[in-house]
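The values are calculated or read from the model by the stated rules, or taken from the named source; none is laboratory data. Because the structure is a prediction, the values reported are computed rather than measured. Note: ideal-geometry Cβ built from the backbone for every residue, glycine included; neighbour counts use all protein chains shown.
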Amino acid sequence: MNTKLAAGQSFPDFRLPDHTKTQRRLSELQGEQDPMLLVLIRGFFCPKDREQLKELTRFHPQLVVGSCHLVVITTDDWHTTNNLRQQLGASYPFLYDEEKLVRDELGILEYTDKQHEPMIPHTILLGPELRIHRVWNGYYYWGRPSTAELHEELRALTKSIRKDWDLSDPELKRKWDAGDKSVFYPYGVKSMEQTLKEMAGETVAA
């Protein structure tokens, strides 16, 4: 078992170029208090990756309204990364890692593919501060999570990090009536303008 990809561990805060050649840190793409779904793929050549990303692209609007960010990391070059993103009609960020730093740092070389030497595909659900909540090993396609599985895991994760999950709690009502919005998301954390910009796909420049 790869101990670097275990639940409860902190995922490395990699800094990589995105599809616009802008350097991005994972922590900046995630924000302070949101979950993030991170997908590590082989690349454009892999039909399994493309099928998974087709499903995630269809699922992405639900992630947006559920305040969960979606980020893909590939070992393709910039041009190939853009081709894949455009063919999918994706609006979420793709980071490219031609030097395969992520693969080597995490120790996930797919040694059975001597031609491409990609990283073993993984889908990683991260809680705030890049804390690993759940990991799926996608070497085989059926090791990858369905959108139904992601829905269940996101429910559990969100319930654990949002103090205002159950508004029937009288203490929450008391805080709200007193003007204390600190435990209400996003009211005590973000402005509506910031929230809507994030929902529109705006990211923070490095």
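Residue check: Ser182 meets all listed conditions (1) modelled with pLDDT under 95; (2) out of contact with any Gly (no Cβ under 9 Å at 6 or more places or on another chain); (3) of a type in the set (Gly, Ala, Ser) but one, namely (2). Of all positions in the range 77-85, at least one carries a residue that is buried (at least 19 other Cβ atoms within 10 Å of the Cβ), polar (S, T, N, Q), touching a Ser or Thr at 6+ places or on another chain (Cβ under 9 Å) and in a helix (DSSP H, G or I).
Would you check if Leu125 is among the aliphatic types (A, V, I, L, M) and part of a strand (DSSP E or B)? Considered against the rule, which asks whether it is among the aliphatic types (A, V, I, L, M) and part of a strand (DSSP E or B), Leu125 comes out as yes. Looking across the range 105-117 at every residue that is under 20 Å from the mean Cα position of the chain (by Cα) and loosely packed, with under 14 Cβ neighbours inside 10 Å, the one that is farthest from Pro12 (Cα to Cα) is identified as Gly107.
State all residues of the range 23-58 that are part of a loop (DSSP other than H, G, I, E, B) and either touching a Pro at 6+ places or on another chain (Cβ under 9 Å) or free of Cβ contacts under 8 Å to residues at least 24 places away in the same chain (or both); if no residue qualifies, say none.
Passing the criteria: Gly31, Glu32, Gln33, Asp34, Pro35, Ile41, Arg42, Gly43, Phe45, Cys46.
Across the range 103-150, the number of residues qualifying as polar (S, T, N, Q) and within 17 Å of Met36 (Cβ to Cβ) comes to 2.
Does the range 75-102 hold any residues that are of a type in the set (D, E, K, R) and under 14 Å from Cys46 (Cβ atoms), and which are they?
Asp76
Contact annotation: residue pairs with Cβ atoms under 9 Å, 6 or more positions apart or on different chains, pairing a residue in the range 67-80 that is under 11 Å from Glu98 (Cβ atoms) with a partner that is small (Gly, Ala, Ser), are Thr74/Gly43; Thr75/Gly43; Asp76/Gly43; Thr80/Gly43.
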